[in-house]
Amino acid sequence: MRDGLVEWAILGTGGIVRSGFLPALAQAAGGHVAVIASRDAARAAEMARHYGIARAYGDYRAVLADDRIDAVYIALPNALHLPWVLACVAAGKAVLCEKPLTLQAVETEQIGESSRAQRVPVWTAYAFRFHLQWRRVREAVQGGQIGRVQTIYGTFTTRLQRQDDIRWQGVLGGGALWDLGCYPVHLASGLLAEAPVQAVAQARWRGDVDQATSAILRYPSGAELIMHVAFDRSFDAFTRIVGDAGEIRLQNPYHPRGVDEVQFRTGSGVNRHRWAHDTPSFVEMLTHIHRALHGQDSPRETVSESEVNTARGLDLIRAAMTRGRSSPA
Ligand SMILES: NC(=O)c1ccc[n+]([C@@H]2O[C@H](COP(=O)([O-])OP(=O)(O)OC[C@H]3O[C@@H](n4cnc5c(N)ncnc54)[C@H](OP(=O)(O)O)[C@@H]3O)[C@@H](O)[C@H]2O)c1
C-alpha cells in the first residue's frame, strides 16, 4: 500500500466502472485506483488520461504481475468472473467482483475454497449489504419483529436500451435471471440461513437469453421467494418481506437513496423510514473493504455460505426455466 492507501486495479472499462466504482472510490477514504486494464490498450490509455489513473494496461494479465496492486475490481461480463477471480486470488490480490460472482454454485464453492486456502478475501459487489437500510432490515428480521419469514416478494425490472448490451449475449452470461434475479435471490439468502431446495420458473426467451423470468424458490423452513425480473419493463425493485407477525416493504432494496422509503409493518403499527444520509451503498462497501484491508475491521460479507446458497438458488431456477422451455407447449 502506498501512502497508506489500498492500490486498486480495474479490469474492464464499461458502464459500472464509470458510473459506480470510480465515483464511489473518489468518496471512500482509504484507497485509490493505480491501474486500469482493458482488452484494448488505446481504451485503457484514454480512460487513464480521463480519470487521472497512473498506469494503463492493454492486457488484464499485466495486473497479476504488478506487485504494487493490493486489490482488483473485476467489472467484466458475468462469464469471465470465475477465471479472473481465481487468477487474482492466486496472485495474492484481494478481489471485489461484480455480481453475480459465478454462473454455477460449484464455481462459487471453488472460489470460496481458493480464497480460504490463499487467505485472500473475495467480495461480490452486492453493495446493498453495506447500507444502513439492509443492516436495519436484517436486524428486524433476525430479531423476530415480523415473526417467522413466510414469503419474500421480489421484483426487479428495468428497460435495457442498447441492443449490443452484454446482457443480451448468452455466451457472456447474459439474461435477466443472472443480471437482476441474483439480487432477490441474494436478499433471500441474507435473511434465510438455509439453502433453497426447489424451484418452479418460467422465462420469456430472446434467443439464448431470458428477457424476463418469473420464479418461486422454496426453502426447507417452508419460506418461499416469489420473484419477477425483466429487461423490458420500467424500473421497479419493490420488495416485500412477509412474516407471520408483520412485514417489511422496501421501495429500493438494492440501491437505496435518501428518497426511498422502507416500511416496518408490525402489530404496533406502520413505521415509515427514509435514510437521512444519502451515501451510496457503493461508497459504504469500498470504505469497509479499505478498513478490512488495513486491518481496522474484520472482513464482512466475503464469499460465504450465503453466497453459495444464492448460487444454488440460481442453479435451481435456471434448471426449472430451461426445463420449461424444452417441454411441449
Ligand atoms: N453492482 C452493480 O450495481 C452493477 C451495475 C451494473 C453492472 N454490474 C455488473 O458489472 C459487470 C459489467 O457490467 P457493465 O454494465 O459495466 O458492462 P459493460 O458496460 O458492457 O462493460 C463490460 C466491460 O467488460 C470488458 N469486456 C471483456 N470482455 C468482453 C466481451 N467479450 N464483451 C464485452 N465486454 C467485454 C469491456 O472492457 P474492455 O474491452 O475495455 O476490457 C467492457 O467495458 C457485470 O457483471 C454486471 O452484472 C453491476
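Placing unit charges on the Cβ atoms of the charged side chains and taking the dipole of the chain about its Cα centre, the candidate lying farthest along the positive direction among V259, Q104, S304 is V259.
Taking every alpha-carbon pair under 8 Å whose residues sit at least 6 apart, the chain reaches a relative contact order of 19 percent. Listing L5, L11 from fewest to most neighbouring C-beta atoms within 10 Å gives L5, L11. Each residue, D3 and D59, gets one label point 7 Å from its Cα in the Cβ direction; the gap between the two is 3.0 nm.
Please work out whether the range 206-298 counts as rounded, prolate or oblate from its C-alpha gyration tensor, where a ≥ b ≥ c are the square roots of the eigenvalues and a/c under 1.5 means rounded, while otherwise a/b larger than b/c means prolate and anything else oblate? Here the range 206-298 falls in the oblate category.
Taking all Cα pairs closer than 8 Å and separated by 6 or more residues, the relative contact order of the range 6-126 comes to 23 percent. Can you give me the angle between helix 105-118 and the longest principal axis of the chain, using Cα atoms only, in degrees from 0 to 90, rounded to the nearest 10? That helix lies at roughly 50 degrees to the long axis.
Considering only A94, A105, A48, the mean-square fluctuation computed in a Gaussian network model of the chain, springs between alpha carbons under 10 angstrom, is largest for A48. Note on the chain: semi-axes of the ellipsoid equivalent to its C-alpha gyration tensor, largest first and rounded to whole Å, are 32, 24, 19. Of L86, N271, Q150, which is farthest along the charge dipole of the chain in the positive direction, counting Lys and Arg as +1 and Asp and Glu as -1 at C-beta? About the Cα centre, the residue reaching furthest to the positive side is N271. Which residue, V137, V197, V17, tops the fluctuation ranking in a GNM of the chain built on C-alpha contacts under 10 Å? Between V137, V197, V17, it is V197 that shows the largest mean-square fluctuation.
Which net charge results when you count Lys and Arg as +1 and Asp and Glu as -1 among the other residues whose beta-carbon is under 12 Å from that of H273? Present the calculation step by step, with values, prior to reporting the outcome.
Working: positive: R136, R249, R265, R272, R274; negative: D260, E261.
With Lys, Arg at +1 and Asp, Glu at -1, the neighbours total +3.
Against the main long axis of the alpha-carbon atoms of the chain, helix 305-326 sits at an angle near 70°. Note on the chain: GNM, Cα springs under 10 Å; of V149, V171, V120, the largest mean-square fluctuation is that of V171.
Based only on other Cβ atoms within 10 Å, what is the fewest-to-most ordering of Y183, Y51? Walk me through the numbers on the way to the answer.
Values: Y183 23, Y51 15.
Ascending number of Cβ neighbours within 10 Å: Y51, Y183.
Out of the trypsin sites (Lys or Arg not before Pro) in the range 63-124, which ones are loop residues according to DSSP with at most 14 other C-beta atoms within 10 Å? Qualifying residues, ordered by number: R68, R119.
Per-residue ellipticity at 222 nm for the chain, helices alone: DSSP H runs ≥ 4 residues times -39500 (n - 2.57), over residue total, nearest 500 deg cm²/dmol?
My calculation for the chain gives -9500 deg cm²/dmol from helical runs alone.
Only bridges with both residues in the chain count here: give the DSSP antiparallel percent, nearest 5.
Working: 41 of 68 bridges.
Approximately 60 percent, going by the DSSP bridge assignments.
When DSSP beta bridges are restricted to pairs lying wholly in the range 226-329, around 100% turn out antiparallel. Qualifying trypsin sites (Lys or Arg not before Pro) in the range 225-297, where qualification requires a DSSP coil assignment and no more than 10 other C-beta atoms within 10 Å, are lacking entirely.
Every number in this text was worked out from the coordinates using simple rules, so none of it is lab data. Predicted model only: the values in this text are computed from it and were never measured. Backbone-built Cβ (ideal geometry, glycine too); neighbour counts: all protein chains shown.
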